[in-house]
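Inspection log for the structure reproduced underneath, given as structure tokens.
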Amino acid sequence: MNINYNFNDKFDIWFFATIILLLCIGLLAIYSATLNNALVENNFTKQLFWVGIGIIVFFIVFSIPTNTFKNIAWPAYLFSILLLLVVLIMGRKISGAKSWLFFGSLGFQPSEIAKISTILALSSFLCKKDVDIETFKDILIALAIGVAPILLILLEPDMGTVLVFATIFLTIIFWKGISLFGLFVVLSPGIVAVSSLFGTLPFITTLAVVALILIFFKKGLIFSGSLFAINLAAGFFTDFVYHALSPHQQIRIKSFLDPMSDPLGSGYNSIQAKVAIGSGGLFGKGFLEGYQTQLNFIPEQWTDFIYSVIGEEYGFIGSTITLVLFLILFLKILKIANTTKDEFLSLTIIGILSLFFIHFIINVGMAVGIMPVIGIPLPLVSYGGSSLIVNMALLGIVANVFRTRKNYT
């Protein structure tokens, strides 16, 4: 009886069961999505292999000493930045983005590794006793940690992954306790940068709003002037980078900002995904019986649009079960982040939660037509070896923190 109590206290079996159920849903959907496509017919076997490797990685990460995560934070971060530089030079372009490195037949995205390392490095910096997130210096350092991988990924360009990193950064500093003005300092350059892509008038209007907010907060002429100059530079730099990109890369960014600018490309994918989900009805058409799925009407239906496969073949019931499983996963991660007594681990866990949540929101949103099509997989469900291994490693960190949550005072 005591053994059972100790096991339940160290290992959340329902957390792990939720992960396994999502992996199984993904395997079934991938099998169905690739069954009648000769080009990807081996994807199910590959994914099955990666699921096995992912479970092993989960338990390895679960078992290592918790302080290891803090010790490797900065070496891992610097290594991931190096990989992001290498991919810009030696990477292979897939779907318009130069984001893949290959060693023989084995390929991976350095941005996946950068997700873990950026979460760890940012958490490591923010948990230092002498760091005050309200000071301009520490905000700039935190921004530098978060923005460095974003700028490199933007050059690939991979707008979807950039959005993921931005969400991770904002969630972590919010959890740290940044004030409303501090949040404005962090957000304003990004907002100005995006506005510059819409033209001169939106750019100038956004700058005017920034100036008015700075006057309202009354932070001093030098500080306010410096911040306004940073916002101005962000807009001009973004405009310069955008016009330096190739026409194909510019089209990808335009499609991200306005999905209807590419109705025969990403717009077509979204339309077909909505048709598939809508045709599933309440109970779905059944396993391997989805018309849209089996006739391959939806491009990349084993990755970006895998939720449409679930919607068509398992209907509203199957789609809802999938959503509920993700909700359970998110709530368990949030509870661990909120109850752990170590600040570094709490910040790390909330960063992991934000990563999973933004992937979930964007992927499901793409499938139902409320988010732009930007190539974001559904965690644990979509096909992809590197993303699955990273996700299982991240969940291993969460399980590890649950195991050692009472070790800190």
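Only one residue in 228, 181, 125 is crowded, with 18+ Cβ neighbours inside 10 Å and in a helix (DSSP H, G or I). Which one?
Working: 228 fails: crowded, with 18+ Cβ neighbours inside 10 Å; 181 fails: crowded, with 18+ Cβ neighbours inside 10 Å.
Result: 125 is the single residue among 228, 181, 125 that is crowded, with 18+ Cβ neighbours inside 10 Å and in a helix (DSSP H, G or I).
Tell me, please, whether a residue that is assigned to a loop (DSSP other than H, G, I, E, B), within 30 Å of residue 67 (Cα to Cα) and aliphatic (A, V, I, L, M) can be found in region 363-375.
Start the filter on region 363-375 by keeping residues that are assigned to a loop (DSSP other than H, G, I, E, B), which leaves 369-375.
Checking which are within 30 Å of residue 67 (Cα to Cα) leaves us with none.
Scanning region 363-375 turns up no residue that is assigned to a loop (DSSP other than H, G, I, E, B), within 30 Å of residue 67 (Cα to Cα) and aliphatic (A, V, I, L, M).
Which of the numbered conditions does residue 175 fail, given that it passes all the others? Conditions: (1) surrounded by 17 or more Cβ atoms within 10 Å (Cβ to Cβ); (2) out of contact with any Leu (no Cβ under 8 Å at 6 or more places or on another chain); (3) within 26 Å of residue 394 (Cα to Cα).
(2)
Of all residues in region 131-162, how many are under 25 Å from residue 83 (Cβ atoms) and either among the hydroxyl-bearing types (Ser, Thr, Tyr) or modelled with pLDDT under 85 (or both)? Before you say what the answer is, go through the steps one by one.
The initial filter retains those residues of region 131-162 that are under 25 Å from residue 83 (Cβ atoms), namely 140-162.
In the following step, the residues that additionally are either among the hydroxyl-bearing types (Ser, Thr, Tyr) or modelled with pLDDT under 85 (or both) were identified as 154-162.
The qualifying residues number 9.
Which pairs do you get when a residue that is basic (Lys, Arg), found in region 257-283, comes within reach of a residue that is in a helix (DSSP H, G or I) and modelled with pLDDT of 75 or more, reach meaning Cβ atoms under 8 angstrom, with the pair 6+ apart or on two chains?
274/308; 274/367; 274/368
Going through region 326-336 one residue at a time, which ones are over 18 Å from the mean Cα position of the chain (by Cα) and either under 14 Å from residue 378 (Cβ atoms) or not basic (Lys, Arg) (or both)?
The initial filter retains those residues of region 326-336 that are over 18 Å from the mean Cα position of the chain (by Cα), namely 328, 332, 335-336.
Across region 326-336, the qualifying residues are 328, 336.
For region 11-76, which fully contained helices (runs of 4 or more DSSP H) count at least 1 residues that are within 14 Å of residue 380 (Cβ to Cβ)?
Numbers: elements: 13-34, 43-63, 67-71.
Because the criterion is at least 1 residues that are within 14 Å of residue 380 (Cβ to Cβ), the helices (runs of 4 or more DSSP H) in region 11-76 that meet it are 13-34, 43-63.
Output the residues belonging to region 75-122 that are surrounded by 18 or more Cβ atoms within 10 Å (Cβ to Cβ) and polar (S, T, N, Q).
Residues satisfying the conditions are 80, 99, 109, 111, 117, 118.
Could you check how many residues of region 49-85 are under 22 Å from the mean Cα position of the chain (by Cα) and either modelled with pLDDT under 90 or of a type in the set (S, T, N, Q) (or both)? Talk me through it step by step, then tell me what you get.
Filtering region 49-85 down to residues under 22 Å from the mean Cα position of the chain (by Cα) leaves 50-51, 53-55, 57-58, 61-62, 69-70, 72-85.
Still in the running and either modelled with pLDDT under 90 or of a type in the set (S, T, N, Q) (or both): 80.
Selection size over region 49-85: 1.
Give the residues of region 388-409 that are touching a Phe, Trp or Tyr at 6+ places or on another chain (Cβ under 9 Å) and among the polar types (S, T, N, Q), sorted by residue number.
391, 400
Among the listed residues 117, 111, 63, identify the single one that is out of contact with any helix residue (DSSP H, G or I) (no Cβ under 6 Å at 6 or more places or on another chain) and of a type outside the set (Asp, Glu). Write out each step before concluding.
Numbers: 117 fails: out of contact with any helix residue (DSSP H, G or I) (no Cβ under 6 Å at 6 or more places or on another chain); 111 fails: out of contact with any helix residue (DSSP H, G or I) (no Cβ under 6 Å at 6 or more places or on another chain).
None of the other options fit; the residue is 63.
Would it be correct to say that residue 348 is free of Cβ contacts under 8 Å to residues at least 12 places away in the same chain and assigned to a helix (DSSP H, G or I)? Steps first, please.
Details: free of Cβ contacts under 8 Å to residues at least 12 places away in the same chain: no; assigned to a helix (DSSP H, G or I): yes.
Taking the combined requirement at face value, the residue does not satisfy it.
Here is a list of conditions, (1) in contact (Cβ under 8 Å) with a residue 12 or more places away in the chain; (2) surrounded by fewer than 18 Cβ atoms within 10 Å (Cβ to Cβ); (3) assigned to a helix (DSSP H, G or I), and residue 151 meets all of them except one; can you say which number that is?
(1)
Give the residue, chosen from 336, 349, 328, 310, that is at pLDDT 90 or above, more than 26 Å from residue 160 (Cα to Cα) and in contact with a Ser or Thr (Cβ under 9 Å, 6 or more places away or on another chain).
Values: 349 fails: more than 26 Å from residue 160 (Cα to Cα); 328 fails: more than 26 Å from residue 160 (Cα to Cα); 310 fails: more than 26 Å from residue 160 (Cα to Cα).
Among 336, 349, 328, 310, only 336 is at pLDDT 90 or above, more than 26 Å from residue 160 (Cα to Cα) and in contact with a Ser or Thr (Cβ under 9 Å, 6 or more places away or on another chain).
Looking at (1) over 30 Å from residue 157 (Cβ atoms); (2) touching a Ser or Thr at 6+ places or on another chain (Cβ under 9 Å); (3) surrounded by fewer than 20 Cβ atoms within 10 Å (Cβ to Cβ); (4) of a type in the set (S, T, N, Q), can you tell me which one residue 45 breaks?
Condition (2) is where residue 45 drops out.
Name every residue in region 294-343 that is among the charged types (D, E, K, R), more than 30 Å from residue 40 (Cα to Cα) and outside any helix (DSSP H, G or I), in order of residue number. Even if it seems obvious, please write down each step before you answer.
Quick first cut of region 294-343, residues among the charged types (D, E, K, R) only: 300, 304, 312-313, 332, 335, 341-343.
Filter again for more than 30 Å from residue 40 (Cα to Cα), leaving 332, 335, 341-343.
Of everything in region 294-343, those that are among the charged types (D, E, K, R), more than 30 Å from residue 40 (Cα to Cα) and outside any helix (DSSP H, G or I) turn out to be 341, 342.
The values are calculated or read from the model by the stated rules, or taken from the named source; none is laboratory data. This one's a predicted model, so the numbers in the text were calculated from it and none came from an experiment. Neighbour counts are summed over all protein chains in view; Cβ atoms, including those assigned to glycine, are modelled from backbone coordinates with ideal geometry.
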